[in-house]
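K.L.:
I have a structure here, written as structure tokens, and I will follow up with some questions on it.
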Amino acid sequence: MPVTKRPRKGARRGIVDAPVLSPAEASAEAVDGLRLRHPELSASRVLTQRQALVILGMAVAGILGFVVAPVGTGIALSGCIAAVYLLVFAGNVGVFRRLIHTPHVVSVTDEEARAIPDDQLPVYTVMIAAYHEPEVIATTLRSLAALDYPAHLLDIKLLLEADDNATRSAVLAAHPAANVEVVLVPPSQPRTKPKALNFGLLSARGELITIYDAEDRPEPLQLRRAVLAFSRAAPQVACLQARLEYHNPHQNLLTSWFAIEYLSWFGFSLPAIAGGRTPVPLGGTSMHMRRSVLEEIGGWDPFNVTEDCDLGVRLYRMGYRTEFLNSTTYEEANSDPINWIKQRSRWYKGYAQTWLVHMREPRRLWHELGGRGFCGFNMLVGATTLTALLNPVFWVLTLTWFFAHPPFIENIFPSWVYFPGLASMIAGNFLALYVDFIVIRAAGRPELMKAAALAPLYWMLISVGALRAFLQLLISPFFWEKTAHGLDRPYVIEGEA
């Protein structure tokens, strides 16, 4: 965002004036602000010319190699891929070592949170970008009303697409509180959540800002905890990420798998990663930020479909840090496989966008992240997507070898490639399952053990999502595939009567 907004003289503490922009100026700023000021950090271009030439050169070299020397090229390719898997395994072992110790989480007790006098609380902006959410928006408003924070200090922005009449009507029917402002986002491309958030930021008044999704149920004391945590934190701590869990883990096997993944990711892995001097890919919800820092780094990238991951990397590049808050927001786990694959495809497409954007200038990235941060970023963001794409290839090769024993497979996997690759496959899969079991036990959720034992089936679904993401990156890189919510309604939700 171009304008640094400062509290006006004599204004109530925590209120920040927004610049006065016409609707056209606001829309242009929301779409083009980052792209015009920092084009090197914008995903509006999928590839730079240099990246395109490198990829084209590698593709041509591979094709020529398989024509001229197929076995030698196959050995070189399988050796490189085996090396990637070994590096990923080594990185995961490092995360595991930090994970088994208590990950660093900022703790604020209930008593401490409630003890903050209201006159010492800043204005807090809460933004919810909702699109085609008429079924859940009333629940959203009830969850916001349950937040333990003075209503006159809550600046709630419901960001709705101007042509989404169904959701607008549902909001009116729910009779929102006086501190809920409906902000209509003009229809324009790209039609993404980060563009809507940029639009909302232009009129936000809070000193602190957080994001919730339409189906979220944040713990009522979360904002108060964040205020106190920020007051105790070092100046370079710009973001506090709350833990995310699902309220419907027992709806079916898919929701159980998804719940285990979130328990591991937000409860253990990400706090461990944050403690290892590595950029942290944020969650798209319940991340609490200092507004001044958010404006300094340029807001969200409207062309990146995992704006949360990109934002976490940009924060780290500019010298800021993310810590984790001992507060939980409950979301709805996808219970429909098709809906789940669409959501996972968007996530992987955004990870690929983020990796391509930040690897445009590798030497500069190394300088800004440091060696450990650079390697961590490439393993966490780049290799996560790459290995999800490659896994099915090696599953097929393995099955083909067991059933047909074609000589070509034996030739391209000499012993010095085969045994390290086999070791990384066995040890890596064991580590993934072992971490799930540890997480389930630490969380006191033994009923999820059966789903964890069936996790290899979930990994297959993940690879389907990754393949679809790759195809979408080629065809429609900025398309935001909507995740349907409200699919948990026929079921009893955890924590409800």
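The values are calculated or read from the model by the stated rules, or taken from the named source; none is laboratory data. Note that this is a predicted model, so its numbers are computed, not measured. Note that we place each Cβ from the backbone using ideal geometry, even for glycine, and neighbour counts take in every protein chain shown.
K.L.:
So, of the residues in the stretch 217-274 that are of a type in the set (S, T, N, Q) and in contact with a Leu (Cβ under 9 Å, 6 or more places away or on another chain), which turns out to be modelled with the lowest pLDDT? Walk me through it before giving the result.
P.N.:
As a first pass, look at the stretch 217-274 and keep what is of a type in the set (S, T, N, Q): 222, 231, 236, 241, 248, 251-252, 255-256, 264, 269.
Going one step further and asking which of them are in contact with a Leu (Cβ under 9 Å, 6 or more places away or on another chain), we end up with 222, 241, 248, 251, 256, 264, 269.
Values: Gln222: 98, Gln241: 96, Asn248: 93, Gln251: 95, Ser256: 96, Ser264: 92, Ser269: 89.
Top of the filtered list is Ser269.
K.L.:
Can you find a residue in the stretch 428-449 that is closer than 30 Å to Gly72 by Cβ and either among the basic types (Lys, Arg) or more than 22 Å from the chain's Cα centre (by Cα) (or both)?
P.N.:
yes
K.L.:
Now, a different point. Select the helices (runs of 4 or more DSSP H) contained entirely in the stretch 376-493, then report the ones holding at least 2 residues which are touching a helix residue (DSSP H, G or I) at 6+ places or on another chain (Cβ under 8 Å) and closer than 24 Å to Ser335 by Cα. It would help to see each step written out before you state the result.
P.N.:
Values: elements: 384-404, 407-412, 415-442, 449-453, 455-475.
Fully inside the stretch 376-493 and qualifying: 384-404, 415-442, 449-453, 455-475.
K.L.:
Hey, any hits in the stretch 206-223 for a residue that's surrounded by 17 or more Cβ atoms within 10 Å (Cβ to Cβ), hydroxyl-bearing (Ser, Thr, Tyr) and touching an Asp or Glu at 6+ places or on another chain (Cβ under 6 Å)?
P.N.:
Checked against the condition, which is being surrounded by 17 or more Cβ atoms within 10 Å (Cβ to Cβ), hydroxyl-bearing (Ser, Thr, Tyr) and touching an Asp or Glu at 6+ places or on another chain (Cβ under 6 Å), the stretch 206-223 yields no hits at all.
K.L.:
While we're here: Among residues belonging to the stretch 433-456 that are free of Cβ contacts under 8 Å to residues at least 40 places away in the same chain and of a type outside the set (Lys, Arg), point out the one that is surrounded by the fewest Cβ atoms within 10 Å (Cβ to Cβ).
P.N.:
Filtering the stretch 433-456 for residues that are free of Cβ contacts under 8 Å to residues at least 40 places away in the same chain and of a type outside the set (Lys, Arg), the one surrounded by the fewest Cβ atoms within 10 Å (Cβ to Cβ) comes out as Gly444.
K.L.:
For Thr322, indicate whether it is out of contact with any His (no Cβ under 9 Å at 6 or more places or on another chain), surrounded by 21 or more Cβ atoms within 10 Å (Cβ to Cβ), of a type outside the set (A, V, I, L, M, F, W, C) and more than 23 Å from Arg35 (Cβ to Cβ).
P.N.:
So Thr322 passes the test.
K.L.:
Here's something else I'd like to know. So for the stretch 172-184 (the condition being surrounded by fewer than 20 Cβ atoms within 10 Å (Cβ to Cβ), touching a residue at least 24 places away in the same chain (Cβ under 8 Å), in a helix (DSSP H, G or I) and over 26 Å from the mean Cα position of the chain (by Cα)), does at least one residue qualify?
P.N.:
Yes - at least one qualifying residue is present in the stretch 172-184.
K.L.:
Look through the stretch 22-43, keep the residues that are touching a residue at least 12 places away in the same chain (Cβ under 8 Å) and not in a helix (DSSP H, G or I), and return whichever of them is surrounded by the most Cβ atoms within 10 Å (Cβ to Cβ). Step through it out loud before you land on a result.
P.N.:
Within the stretch 22-43, the first condition is being touching a residue at least 12 places away in the same chain (Cβ under 8 Å), and the residues that meet it are 23, 26-27, 29-31, 33-35, 37-38, 40-43.
Narrowing further to those that are not in a helix (DSSP H, G or I): 38, 42-43.
Details: His38: 13, Ser42: 20, Ala43: 26.
The selected residue is Ala43.
K.L.:
Those residues that are in contact with a Gly (Cβ under 9 Å, 6 or more places away or on another chain), part of a helix (DSSP H, G or I) and of a type outside the set (Val, Ile, Thr), I need them from the stretch 84-131; list them, please.
P.N.:
Matches in the stretch 84-131: Tyr85, Leu86, Phe89, Gly91, Asn92, Gly94, Arg98.
K.L.:
On the given criteria, is Tyr131 surrounded by 22 or more Cβ atoms within 10 Å (Cβ to Cβ), among the aromatic types (Phe, Trp, Tyr) and either over 19 Å from Ala178 (Cβ atoms) or modelled with pLDDT of 95 or more (or both)? Full working, then the answer.
P.N.:
Numbers: surrounded by 22 or more Cβ atoms within 10 Å (Cβ to Cβ): no; among the aromatic types (Phe, Trp, Tyr): yes; either over 19 Å from Ala178 (Cβ atoms) or modelled with pLDDT of 95 or more (or both): yes.
For Tyr131, the condition - surrounded by 22 or more Cβ atoms within 10 Å (Cβ to Cβ), among the aromatic types (Phe, Trp, Tyr) and either over 19 Å from Ala178 (Cβ atoms) or modelled with pLDDT of 95 or more (or both) - is not met.
K.L.:
Only one of Ala234, Ala242, Ala166 is of a type in the set (Gly, Ala, Ser), without any contact (Cβ under 8 Å) to a residue 60 or more places away in the chain and either surrounded by fewer than 16 Cβ atoms within 10 Å (Cβ to Cβ) or in contact with a Ser or Thr (Cβ under 9 Å, 6 or more places away or on another chain) (or both). Can you tell me which? Talk me through it step by step, then tell me what you get.
P.N.:
Details: Ala234 fails: without any contact (Cβ under 8 Å) to a residue 60 or more places away in the chain; Ala242 fails: without any contact (Cβ under 8 Å) to a residue 60 or more places away in the chain.
Exactly one residue qualifies, and that residue is Ala166.
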